[in-house]
Amino acid sequence: MTSEQTILQSLQARGVSRRAFMKFCTVTASSLALSTHEASVFAQTLAGARRPSVIWLSFQQCTGCSESVLRSFDPTLENLLLNYLSLDYHESLQAAAGTQAEAARRKAMADNIGRYVLVVDGSIPTADKEYWSATAGESNLATLREAVQGAGLVLALGTCATFGGIPAAFPNPSSATGVDDLMTQGLIATRPLVNVSGCPPIPEVITGTIAYYLVNGRAPELDTLKRPKVYYGKTVHDCCSRLPHYNAGRFAQSFDDAGARQGHCLFLLGCKGPETFNACATMKWNQGTSFPMHSGHGCLGCSEPRFWDRNTSFYEVMSSAPRQGDGSACVAPPRVVLPPV
Ligand code: SF4
Ligand code: SF4
């Protein structure tokens, strides 16, 4: 399969009938509150759309973000990759290596200029530290500068790519910087950017954001840090199962006392949930099984800028005031349903 195939052709090649595809379009159009006419246009547009080319660049990172997305279950990564995306470059997942891989990246970028999705994980070393991290003899900054030029959408994955993350923690020896700051400083071109923060981000938040773009052709509504509001509109505290105990003033004094076992709030044990915007308490982890506070540990604040410098030691009571979410109800964000294969 190539990115020249339409999404419908790609699905049909894998045994998905037109009828099943139309059913998917009907369900999706209904979730978008489209009229009958708009739904018909939506289906035709999506059927004829080419699978977008995706260039995935990894810089100063631990591979945790790729590991996380590989664990997505709804939609699965393979469903996204094989049917809806054309993953043309990913250092860890591709078979090609060396000059072949770099040539394939440049060809995909040239063939899809202005349209490809550029996924970035890891922070980027800058200034005289630019060559602290390099691929194929090129600094990360040079590779990103070239790739961002022709991107239709840039997706910064994980707290390193969004805000610099742990590599940018004091004393930040490599002058590590996130994608948004590079755009603001004029070190790379400015392109439409979506930040999906977290260390790592929740897998279904990653694939859900990509799926939203595929279905709607644009990024979802974003917060002030350019994160999708549907996932980052509330703090984990807003939706925590221990919130009723927080409100009633019932706090665990240690991780193994009777209060902790009864679900009392972990605020006095250092939980940073009241200042951390993420969907952990609604989307949950491990295929929707649980989330840290539910299983007995406080939030470290991993989806916020400078979380390492601001929050260590992780077991001290946070000093800032609790922050308010967007006031919406705590329900798991709707998943974008893709047809099964
Ligand atoms: S455990 Fe943390 S997130 Fe949950 S209610 Fe207490 S302070 Fe808030
Ligand atoms: S609970 Fe807090 S530290 Fe843990 S993953 Fe969610 S945002 Fe990150």
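Candidates are the residues of region 252-277 that are farther than 12 Å from Met293 by Cα and touching a Phe, Trp or Tyr at 6+ places or on another chain (Cβ under 6 Å); the one that is most open to solvent (accessible area, probe 1.4 Å) is Leu268. Could you say whether any residue in region 282-294 is under 23 Å from Gly164 (Cα atoms), surrounded by fewer than 20 Cβ atoms within 10 Å (Cβ to Cβ) and modelled with pLDDT under 95? Taking every residue of region 282-294 in turn, none turns out to be under 23 Å from Gly164 (Cα atoms), surrounded by fewer than 20 Cβ atoms within 10 Å (Cβ to Cβ) and modelled with pLDDT under 95. Of all residues in region 215-249, those being within 18 Å of Leu269 (Cα to Cα) and away from ligand 2 (no atom under 16 Å from the Cβ) number 5.
Exactly one residue out of Val331, Val236 is touching a helix residue (DSSP H, G or I) at 6+ places or on another chain (Cβ under 7 Å), within 30 Å of Tyr213 (Cβ to Cβ) and open to solvent by 70 Å² or more (accessible area, probe 1.4 Å), and it is Val331.
Give the residues of region 84-101 that are in contact (Cβ under 8 Å) with a residue 40 or more places away in the chain and within 20 Å of Ala211 (Cβ to Cβ), sorted by residue number.
Selection gives Tyr84, Leu85, Ser86, Asp88.
Taking the listed residues Phe59, Phe73, the one that is at pLDDT 80 or above and in contact with an Asp or Glu (Cβ under 8 Å, 6 or more places away or on another chain) is Phe59, with no other qualifying.
On the stretch given as region 219-249, residues that are in contact (Cβ under 8 Å) with a residue 12 or more places away in the chain and more than 8 Å from ligand 1 (Cβ to nearest atom) total 16. Please find, among Thr190, Thr207, Thr177, the residue that is at pLDDT below 95 and either within 26 Å of Leu141 (Cα to Cα) or surrounded by fewer than 17 Cβ atoms within 10 Å (Cβ to Cβ) (or both). One residue alone meets the criteria, Thr207.
The values are calculated or read from the model by the stated rules, or taken from the named source; none is laboratory data. Keep in mind that this is a model prediction, so the values were computed, not measured. Here Cβ is always computed from backbone atoms with ideal geometry, including for glycine, and neighbour counts include all displayed protein chains. Only protein heavy atoms, including side chains, enter the accessible area calculation; ligands, DNA and RNA are left aside. Shrake-Rupley method; radii C 1.70, N 1.55, O 1.52, S 1.80 Å.
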